[in-house]
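> First the structure, then my questions, so here it is.
The values are calculated or read from the model by the stated rules, or taken from the named source; none is laboratory data. Predicted model, so just to flag it, every value in this text is computed and none were measured. When we count neighbours, we look across all protein chains shown, and the Cβ atoms used for this are built from the backbone with ideal geometry, even at glycine. Calculation scope for accessible area: heavy atoms of the full protein, side chains included, ligands and nucleic acids excluded. Shrake-Rupley method; radii C 1.70, N 1.55, O 1.52, S 1.80 Å.
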Amino acid sequence: MLVREVCQTYAREVEKLGYKLLELISLSLGLPSNRLNGYFEDHTTMMRLNHYPPCPCPELALGVGRHKDAGALTIVAQDDVGGLQVRRKSDEVWVPVKPTPNALVINVGDTIQVWSNEAYESVEHRVVVNSERERFSIPVFFFPSHYVMVKPLEELVNEGNPPKYKPYNFGKFFVARNRSDYKKLEVQNIQISYFKII
Ligand SMILES: O=C(O)CCC(=O)C(=O)O
Ligand SMILES: [Fe+2]
């Protein structure tokens, strides 16, 4: 089987899981299960194959610098090496996401934070490296259509819970985020907080 075929088969299965999770998230917000599907008609989902080679000085380098994922959900398959960490909000400590055999890691991204008007939060994360073992991971970034204007869902906002974000174009936001991520500079990359109202 060609690598392309394996990747396509995997991506299609993860896509189904992505829709399933979106349905559950919609229901958890008190919305019809298909409420979010329309935003994914021309979805721009992508899959990445990450290889983190062993690093002679792991304390001086990061595999992936701290960031939040811009899309709706990220579905990550990782091997047993470990290195992914999430930042706990209460004390800002980096907590390792321990590899669990045959389990996927699901990240809520910025888009769901905005749609849900912060009922869900996008988690900040990073990847550390080690000097012993190489690591592989396969994230699938479940992204809406590029033309979608992302904003808190109308059904979820009211006088008591006004929208916390101004609408923004997903495609433009993603391009700006990606450009700044890869600079790896000590500057903050574009954040949804730029669109924050309150
Ligand atoms: O390698 C991982 O476990 C996650 C990588 C990641 O956060 C990303 O590519 O956005
Ligand atoms: Fe990420």
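> Please report the relative contact order for the chain, taking Cα pairs under 8 Å with a sequence separation of at least 6, and give it as a percent rounded to a whole number. Kindly include the intermediate steps, with their values, before the conclusion.
Details: 363 pairs, mean separation 48.7, N = 198.
That works out to 25 percent.
> Which distance in Å, rounded to a whole number, links the C-alpha centroids of the range 88-153 and the range 51-74?
12
> Quick one: with all protein chains in place, what share of the accessible area of the range 1-195 is carbon or sulfur, to the nearest percent (1.4 Å probe)? It would help to have the intermediate numbers written out before the result.
Details: 6270 of 11130 Å².
Carbon-and-sulfur percentage of accessible area, whole number: 56.
> Moving on. Can you compute 3J(HN,Hα) from phi for each residue in the range 57-62, using the Karplus curve 6.51 cos²θ - 1.76 cosθ + 1.60 with θ = phi - 60°, rounded to whole Hz and x for Gly and Pro?
Once θ is set to phi - 60°, the couplings for the range 57-62 become 10, x, 6, 9, 9, 10 Hz.
> Still on this structure: List the pairs from Lys68/Lys89; Lys16/Lys98; Lys68/Lys196 whose alpha-carbon separation is above 19 Å, in the order I gave them.
Cα-Cα > 19 Å for Lys16/Lys98; rest within.
> Now for a different question. Find the accessible area per residue for the chain; the probe is 1.4 Å, ligands and nucleic acids are left out, and the unit is Å². The partial results should precede the final answer.
Details: 11400 Å² over 198 residues.
Ligands and nucleic acids excluded, the figure is 58 Å² per residue.
> Please give the peptides 98-107, 82-91 ranked by average Cβ packing (other Cβ atoms within 10 Å per residue), highest first, as a rough proxy for protection. Walk me through the numbers on the way to the answer.
Values: 98-107: 12.8, 82-91: 14.5.
Final packing ranking: 82-91, 98-107.
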